[in-house]
Every structure is written in structure tokens, then in C-alpha cells.
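Everything below concerns the one structure shown next.
Rule-based calculations on the coordinates, nothing more; no lab input. On a predicted model such as this, the values are computed, not experimentally measured, just so you know. Reconstructed Cβ throughout: ideal geometry from the backbone, glycine too, with neighbour counts over all protein chains shown.
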Amino acid sequence: MKINDEKVLAALISCGSVRKAAERSGVSVYAITKRLNTDDFRAKYEALKNNILTEACDSLTARLTLAIDTLCSVAEDETQNASIRVSASDSILRHGLRYVELAQIKTRLDRIEKQLEEQ
């Protein structure tokens, strides 16, 4: 019996485990594991996961400004309870610092990759 890769890939993505994907797709755990060990199928699976991750990141990125504006609004609202304002400010600082750190890491990584390509 020929395994339908698209059906198995869809099951792997939606189920999150080989066992659950096997149940949903009607393909054995062994057959799915064997397919995952082939370069072609693994590449398709990884590409699909990367596409989903990219879409999720794009969606989050589109909402960053709203989230920041909301936190800033709460932090600046003097009618709010002080602990709520402090919590909003803390969120801005924590997430802002994390963003700056990641941006710096990305810049460094991009520079390293460019140097490696030039070698």
C-alpha cells in the first residue's frame, strides 16, 4: 500500500506526535517513522513546519504595535491601580529587553553567516 505523504504530513502537523498522526491518518507508527527517516519526506515536513511558524510569526508581528500601545496606555493611565501600571511597565521592560537581545543576536548571526559565505 502506497502511503499518502500529504495525508501523513497533515496528520503530523495537526496532531503533534507520530502516534496520534498514525491514528488519524490510518498509517502505522512504523511506516510514519520510516518516512520521517527519509531525506525527501523529512525535508517536506520541515518545510511545512517552517511555513506554519513563519505565518504565526507574521501574525504576531502584525499585532505587536497594538500590544505595545495597550501596555503603554495602561502604564500611562494614572486612574489605574499602581500595581496594574507597574505590571504593564514591567511587561514592556521585560519584553523590550528580550526583543533587543534577540535583535542583537540576529545581527551578529547575519554578520557571521555573511562572513562564512564569503570564504
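What lysines sit close enough to residue 7 to cross-link, taking a C-alpha to C-alpha distance under 18 Å and skipping anything fewer than 8 places away on the same chain?
20, 34, 44, 49
Could you give the dipole magnitude of the chain about its Cα centre, charging the beta-carbon of Lys and Arg +1 and that of Asp and Glu -1, in debye to the nearest 20?
Result for the chain is approximately 740 debye, rounded to the nearest 20.
Top mean-square fluctuation among 54, 38, 70, Gaussian network model of the chain, C-alpha springs under 10 Å?
Highest fluctuation of the listed residues: 38.
Which of 62, 31, 103 moves most in a GNM of the chain, Cα contacts under 10 Å?
103
Where a ≥ b ≥ c are the square roots of the eigenvalues of the C-alpha gyration tensor, would you call the chain rounded, which needs a/c under 1.5, or, failing that, prolate if a/b is larger than b/c, or oblate?
Note, shape of the chain comes out oblate.
Taking the Cα centre of the stretch 31-80 as origin, sum charge times position over the Cβ atoms of Lys and Arg (+1) and Asp and Glu (-1), and report the length of that vector in debye to the nearest 20.
680 debye
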